[in-house]
1. May I ask you to compute the full-extension gain from residue B:25 to residue B:266, defined as 0.36 nm times their residue separation minus their alpha-carbon distance, rounded to one decimal in nm?
2. Which FRET efficiency value, to the nearest 0.05, is calculated for residue B:253 and residue B:158 with the Förster distance at 30 angstrom and r the Cβ-Cβ distance?
3. If R₀ is 41 angstrom, what is the calculated FRET efficiency for the pair residue A:91 and residue A:196, using the beta carbon separation as r and rounding to 0.05?
4. Note down the magnitude of the dipole of the range A:3-163 about its Cα centre, charges +1 on Lys and Arg C-beta and -1 on Asp and Glu C-beta and zero elsewhere, to the nearest 20 debye.
5. At what distance in nm do the modelled label points of residue A:155 and residue B:113 sit from each other, each positioned 7 Å from its Cα along Cα→Cβ?
6. For the pairs A:197/A:243; A:202/A:238; A:119/B:26; B:110/B:228, flag any whose C-alpha to C-alpha distance is greater than 24 Å.
7. Among B:76, B:88, B:44, flag the residue with its Cα farthest along the positive direction of the charge dipole of the range B:42-91, charges on Cβ as +1 for Lys/Arg and -1 for Asp/Glu.
8. How far apart, in nm, are the 7 Å Cα→Cβ label points at residue A:264 and residue A:298?
Amino acid sequence: MKKSEIKKVMVYDQGLAGQPHPSFWQNMAKLQRLLQGEQVEFVRLCCHCENPQQAVLSIEQVIKAESPDLLVIAATPLGEEVAPALGVRLKTGVAAHCADIVINGEDRIAYMVPAFGGKVIGEIFIPGSRPAIATVKPGVFSYDKKDAADYREILCDCISEDSCGLRIVETEEIAQQQSAIEKAELIFCGGFGIGSKESWQKLEALAKKTGGGAGCTRPVVDMDWGPDEYYMIGTSGKTVRPKVYIGFGISGAAHHLCGIKDADIIISINNDKNAEVFAASDYKAVLDANQVIDRLAEKL
Amino acid sequence: MNILVCIKPVPDPEKYGQLKIDEKTKRLVREGIPAVINPADKNALEEGIKLRDLKGGRVFVLAMAPEFSRDKLIEALAMGADEAYLVSDKAFGGADTYATSYVLAAAIKKISQGIDPQRDLAFDLVLAGNESADGATAHVPAQTAEWLGLPHLCKVSRLEAGDESENAFRAWKRVEAGKAVFQVNGPCVIAVSTEINKPRLINAMGIIKAKKKPLTIWSNEDLRLDEKTIGLAGSPTQPGELITPDLRRASIDLGSDAEAAADEIVKIMKKAGV
């Protein structure tokens, strides 16, 4: 799709009517910057259904009636379920987990999508079908309130959950998490090299003490050392942009590096002198992760 | 309980460090990287096998892949699946998730017809890994479900089957607000994350048994799908150029003394204002 062919851009927001989800501002501001000076209508489609099937059934009709050219969806647990379903229902393409949205040299809109764990990023075009759908992980686009311009708001009438084969039967709220890592200015991140549950708890304690956040990589989740996927940083987890990121026992798989590339300062501790993470770090130390964790605990 | 598990052979994710883009062709060079069953798909298979052992029934595995991927299906049979299906045709090549899920859904319907032509769908549950290690879109399970008209849930970290009379599943999933338990009516498609279980290792007995289990290979002559709806032609998304992001930084060494390194880190933090 050429830039000049884009007339209507819709951002789906799972937040409440008067309380947009943070990712809404990020995505809307990004699209408005990208299409500045063009004759484009921007629309916020607000639907607060938490049940993904209910959300799909509710917003599908609105999207059909509005027929936007672009539809951007935050890749939250809900958005990740809704976007591909809409792709099939609306017979259109979906670009997953965009690292960027750009207008390329040919004036075409390209969704920049990571593959092979972030080792490569490929252009994805959706030439023939509308809307061209993209999902974007929260935090991928930065947001400064100054960017926000006008948009039209549509409040969706949610259909009844009775017509769904899927229902939420229980929600266990998680008490105020200290690990809102997307917003943290300081992040202590643990990888496979931390080696144990105790070490993860030490990282959490460091985060608590300093007002920072604790994050991890996939192996720490899979080894059952404490955190769940919500703490995971990388292409299939969170994108973070702290002032200082300190990684302990992290090898540096591309999908993790993709999630930390916007950090101001990256410090990495790993006892493997060949760890790939070192090349992508501002500072490195070839040391046992736990030794440094313990020293930091004394000093902070 | 009949369970179908979708699996995908992918280049070994442990070796993605070796991937390069050919300067001339701008294509990804993946020679020398062996294929494995996509890690999360092994978790899906493990979950399917466990449920079958608990509730009775059979586990079917399905992959859309080149014919040389046959050995990955045999591996799935060796793990404990009962029957395997491979759909393989050059015409399926270049498919995005939309066209891939369309073929998978067609294959699932055809397998179902073979089991019980009287039922709309002879499966109570379709399982898949949440995402593949290579493309990692996490689209295919939900899209396959949509083609089949089934409810779906992705990123499930725990799964339980209800009583026979219920024909429903309870699925645990992390959502924005916390942890949610969903009731999903069967038949449905559930995509599991790698947290859900530890896939079993294959033993010698499994390998011997696998050789006697049925493995069917279908091409598009069997599925008879319109060529406009499959492969690259049936894909609404089209790939353009590939780039490798340059993430290099200064990599200043903080030395090999933990005490001194920690002091330096504290200094860097203070200077950065955190």
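Here, each number is a calculation from the coordinates, and none is a lab measurement. Quick caveat: nothing in here was measured; it's all calculated off a predicted structure. So basically every Cβ, Gly included, is an ideal-geometry build from the backbone, and we count neighbours across all protein chains shown.
1. 82.0 nm
2. Once rounded, the FRET efficiency stands at 0.10.
3. That pair, residue A:91 with residue A:196, gives E of 0.25.
4. 360
5. A separation of 4.9 nm, rounded to one decimal place.
6. A:197/A:243
7. Farthest along the dipole direction, towards plus: B:44.
8. 2.8
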